[in-house]
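The values are calculated or read from the model by the stated rules, or taken from the named source; none is laboratory data. Computed from a predicted model, the values in this text were never measured in an experiment. Note: ideal-geometry Cβ built from the backbone for every residue, glycine included; neighbour counts use all protein chains shown. Ligands, DNA and RNA are excluded from the accessible area calculation, which covers all protein heavy atoms including side chains. Shrake-Rupley method; radii C 1.70, N 1.55, O 1.52, S 1.80 Å.
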Amino acid sequence: AQSVTQLGSHVSVSEGALVLLRCNYSSSVPPYLFWYVQYPNQGLQLLLKYTSAATLVKGINGFEAEFKKSETSFHLTKPSAHMSDAAEYFCAVIQGSSNTGKLIFGQGTTLQVKP
Amino acid sequence: NAGVMQNPRHLVRRRGQEARLRCSPMKGHSHVYWYRQLPEEGLKFMVYLQKENIIDESGMPKERFSAEFPKEGPSILRIQQVVRGDSAAYFCASSLSTGRETQYFGPGTRLLVL
């Protein structure tokens, strides 16, 4: 069964500092991996997705993530945090052989950006 | 191109009443997913539908919950005889096709059961 683990339910950084949000997956087949962002009282917005085309994936708002098969990780990074990045971030996986597209989400990481 | 629409955005029901949540997918999308976000929990898959068909309902509670996606009109998630534990945010997502296509999420319906 697919699963996703996000290490750290809360991450706090200073404005301008590096953002690193961790995500590890378990999968017996090549996974499709996603990062979504949720602002308060809103729906989820896709930041980026990994579909096996390239291991380094660039997304919106300056975010990127690197797929590392040896570490079963898909960590999200941004070189310089902005106040507007404060939100909840979800890593998700679709089973590689799935025909239903069911997303399995991590527990989420709340990013706080301090001025 | 309008995104995924959900209504109502907020819904208050008393225990025992029925809740009906609506979802209109993005234009051209015929695949709809429902997810639930309980307080202090992550998002959990509930059901996957295509037009007039339920494809995967493995995440749906066995009782009181049902979903449909008719040929015409929005997808409906129906909760009968609501209980306080049903209070949550319910999100709908749509995609162009199945499998690994990107799912686009609506703003959610926040259900509060008194």
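Among the candidates B:Val32, B:Val12, single out the residue that is touching a Pro at 6+ places or on another chain (Cβ under 6 Å) and of a type outside the set (D, E, K, R). Before you say what the answer is, go through the steps one by one.
Values: B:Val12 fails: touching a Pro at 6+ places or on another chain (Cβ under 6 Å).
Of the residues listed, the single one that is touching a Pro at 6+ places or on another chain (Cβ under 6 Å) and of a type outside the set (D, E, K, R) is B:Val32.
Criterion applied to A:Gly108, A:Gly101, A:Gly96 was being at pLDDT below 95, within 14 Å of another protein chain (Cβ to nearest Cβ) and touching a Pro at 6+ places or on another chain (Cβ under 7 Å), and the one residue passing it is A:Gly96. So, B:Val82, is that one touching a helix residue (DSSP H, G or I) at 6+ places or on another chain (Cβ under 6 Å), open to solvent by less than 20 Å² (accessible area, probe 1.4 Å) and either away from chain A (no Cβ under 13 Å) or farther than 30 Å from A:Ala53 by Cβ (or both) or not? For B:Val82, the condition - touching a helix residue (DSSP H, G or I) at 6+ places or on another chain (Cβ under 6 Å), open to solvent by less than 20 Å² (accessible area, probe 1.4 Å) and either away from chain A (no Cβ under 13 Å) or farther than 30 Å from A:Ala53 by Cβ (or both) - is not met. Cβ-Cβ contacts under 6 Å between residues 6 or more apart (or on different chains), taken from a first residue in segment B:37-58 that is aromatic (Phe, Trp, Tyr) to a second residue that is surrounded by fewer than 17 Cβ atoms within 10 Å (Cβ to Cβ), are listed as B:Phe45/B:Gly59; B:Tyr48/A:Thr100.
Before we move on, is B:Ser66 polar (S, T, N, Q) and surrounded by 18 or more Cβ atoms within 10 Å (Cβ to Cβ)?
On the way: polar (S, T, N, Q): yes; surrounded by 18 or more Cβ atoms within 10 Å (Cβ to Cβ): no.
So B:Ser66 fails the test.
One residue is enough: does segment A:53-61 have a residue meeting the conditions open to solvent by less than 40 Å² (accessible area, probe 1.4 Å), among the aliphatic types (A, V, I, L, M) and assigned to a strand (DSSP E or B)? There is at least one residue in segment A:53-61 that is open to solvent by less than 40 Å² (accessible area, probe 1.4 Å), among the aliphatic types (A, V, I, L, M) and assigned to a strand (DSSP E or B). Every condition in (1) of a type in the set (A, V, I, L, M); (2) surrounded by 20 or more Cβ atoms within 10 Å (Cβ to Cβ); (3) within 19 Å of B:Thr98 (Cβ to Cβ) holds for A:Val37 except the one numbered (3). Only residues that are within 14 Å of chain B (Cβ to nearest Cβ), of a type in the set (Ser, Thr, Tyr) and more than 29 Å from B:Gln6 (Cα to Cα) were counted across segment A:33-79, and they come to 1. Within segment A:62-83, restricting attention to residues that are open to solvent by 70 Å² or more (accessible area, probe 1.4 Å) and free of Cβ contacts under 8 Å to residues at least 60 places away in the same chain, the residue that is farthest from the chain's Cα centre (by Cα) is A:Ser70.
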